[in-house]
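Asker: Sharing a structure with you now.
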Amino acid sequence: MFDANPHLRFNSVLRTTILSGCFALTAGCASQPNTFTFTADLPPGFAYQAIAVYVPAKGETCTVPGGRNTEVGYNLKWRESYVSTAEIALYRTVSGCPLVIRRIELEINASYGKTRGDFGGDSANVAVRYELEEQYQRTFSDSGESTFFGECQWWFRTSGKPRILRKILDCKKTNAQGEPGKGRPFSAYTLGQLPGKVVKMKISLAKEERPGWGDTWVKVPGGWKRCMGKGLEDQRAYCNGNYTDFSHFKMPDGRVCTIYPGCTE
């Protein structure tokens, strides 16, 4: 489904289409790059996946059979091989149909344990349009870089009868000063802004983790203690006013603990 080698996109059909009209860009655009750079500044141990999604260019009535090869993936195997920078094409031709980039679907991932399932992830998005209202359009620095921001936070909970500790990653949009906004990290650009430019996603990590949902853990000196609930069989185990009876839990590495994150009091 994905283009295994995104660096070989300048096939003869694409070059001919760009030179003959540049997909409705302004005159002289044949000299402009057909790519922009996407990069990410992430906390240690974090990685992103990206899927660039393409649709028929403006004015085109063609379709791609089955929608095959209309998406290009980056860092899909982020555990084995991760590169923080990607060159992303603005225009591609697939099955004779001229396509234009519509959006970049992003997944921010991070591991908290050693097994393959010990990871959390959340989404982000970059939209690309022919035109945008000024309030939604990002600007670029003199060096040709535009940065959008977000903050991720770990939420912790327990799962199963052994009450194994699991984590959920929650990422929100922020401004450059770290003040939270609504929704996931997001940015939008026009096609005319992007040739040869750099788009950067900068994500910080919240200093404190918090319980996955309310009234299940109690804040105590040195960390958090897990409420017992009705007993170890009680999967939800709400405190319900009982802030003296607590249970042990198991860390992803197998340690049996009574307080998070220090394990022992």
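Only the coordinates and a few stated rules stand behind these numbers; no lab work does. Values in this document were obtained by computation on a predicted structure and should not be read as measured data. Cβ: placed from backbone, ideal geometry, glycine included. Neighbour counts: every protein chain shown.
Asker: So which GluC sites (Glu not before Pro) in region 203-247 are both in a DSSP loop and have at most 10 other Cβ atoms within 10 Å of their Cβ?
Answerer: GLU208, GLU233
Asker: Can I ask one more? Read phi for every residue in region 211-222 and hand back ³J(HN,Hα) as whole Hz from Karplus 6.51 cos²θ - 1.76 cosθ + 1.60, θ = phi - 60°, with x for Gly and Pro.
Answerer: 3J(HN,Hα) across region 211-222, in whole Hz: x, x, 8, x, 6, 10, 10, 10, 6, 9, x, x.
Asker: Oh, and also: With the cut-off at 13 Å, report for region 213-261 the share of all Cα pairs above it, as a whole percent.
Answerer: Counting every Cα pair in region 213-261, those more than 13 Å apart make up 53 percent.
Asker: Arranged by the count of other C-beta atoms within 10 angstrom, fewest first, what order do LYS219, LYS197 take?
Answerer: Fewest to most other Cβ atoms nearby, the residues stand as LYS219, LYS197.
Asker: Treating the angle as unsigned and between 0 and 90°, give the value, to the nearest 10°, between the Cα long axis of helix 12-21 and the longest Cα principal axis of the chain.
Answerer: 70 degrees
Asker: 7 Å from Cα along Cα→Cβ at both ASP234 and TRP155: what's the point-to-point distance in nm?
Answerer: Reported label-point gap for ASP234 and TRP155 is 2.1 nm.
Asker: For region 137-149, take each phi angle, set θ = phi - 60°, evaluate the Karplus expression 6.51 cos²θ - 1.76 cosθ + 1.60, and give the result in whole Hz per residue in order, putting x for glycine and proline.
Answerer: Values, residue by residue: 8, 7, 9, 10, 6, 4, 7, x, 10, 10, 10, 10, 10 Hz.
Asker: While we're on this one: Taking the Cα centre of the chain as origin, sum charge times position over the Cβ atoms of Lys and Arg (+1) and Asp and Glu (-1), and report the length of that vector in debye to the nearest 20.
Answerer: The calculated dipole for the chain is roughly 600 debye.
Asker: In square nanometres and to one decimal, what's the mean projected area of the convex hull around the Cα atoms of region 162-230?
Answerer: It is 8.0 nm².
Asker: Please go through the residue pairs LYS114/LYS250; LYS167/LYS202; LYS173/LYS250; LYS182/LYS219; LYS207/LYS230; LYS77/LYS200 and name each one whose alpha carbons sit more than 25 Å apart in this structure.
Answerer: LYS173/LYS250; LYS182/LYS219; LYS207/LYS230
Asker: What is the set of long-range amide H partners of PHE46 at a cut-off below 5 Å, with H atoms built 1.01 Å from backbone N?
Answerer: HN-HN under 5 Å from PHE46: empty list.
Asker: While we're looking at this one, here's another question. Order by neighbour count: CYS171, CYS263, CYS239, fewest other Cβ atoms within 10 Å first, most last.
Answerer: Lowest count first: CYS263, CYS239, CYS171.
Asker: Could you give the distance between the Cα centres of region 47-93 and region 204-265, to the whole Å?
Answerer: 42 Å
Asker: Taking the Cβ-Cβ separation of GLU105 and LEU132 as r and a Förster radius of 22 Å, what is the calculated FRET efficiency to the nearest 0.05?
Answerer: My answer for the efficiency is 0.75.
Asker: Amide H neighbours of TYR130 under 5 Å, at least 5 residues apart or on other chains, H built in the peptide plane: list them.
Answerer: LEU191
Asker: Let me ask you something else. I need the calculated FRET efficiency for the pair SER143 and VAL220, taking r as the beta carbon distance and R₀ as 45 Å, to the nearest 0.05.
Answerer: For R0 = 45 Å, the calculated efficiency reads 0.40.
Asker: Would you kindly state how much longer the chain becomes between SER247 and SER204 on full extension, computed as 0.36 nm times their sequence separation minus their alpha carbon distance, in nm to one decimal?
Answerer: This chain segment gains 12.3 nm when fully extended.
Asker: Taking the beta-carbon count within 10 Å as an exposure proxy, list VAL198, VAL100 from fewest neighbours to most.
Answerer: Ordered by Cβ neighbours within 10 Å, fewest first: VAL198, VAL100.
Asker: Also: Is it possible to state the helix-based mean residue ellipticity at 222 nm for the chain, with each DSSP H run of 4+ residues giving -39500 (n - 2.57), the sum divided by total residues, to the nearest 500 deg cm²/dmol? What is it?
Answerer: After summing the helix terms and dividing by the residues of the chain, the value is -1000 deg cm²/dmol.
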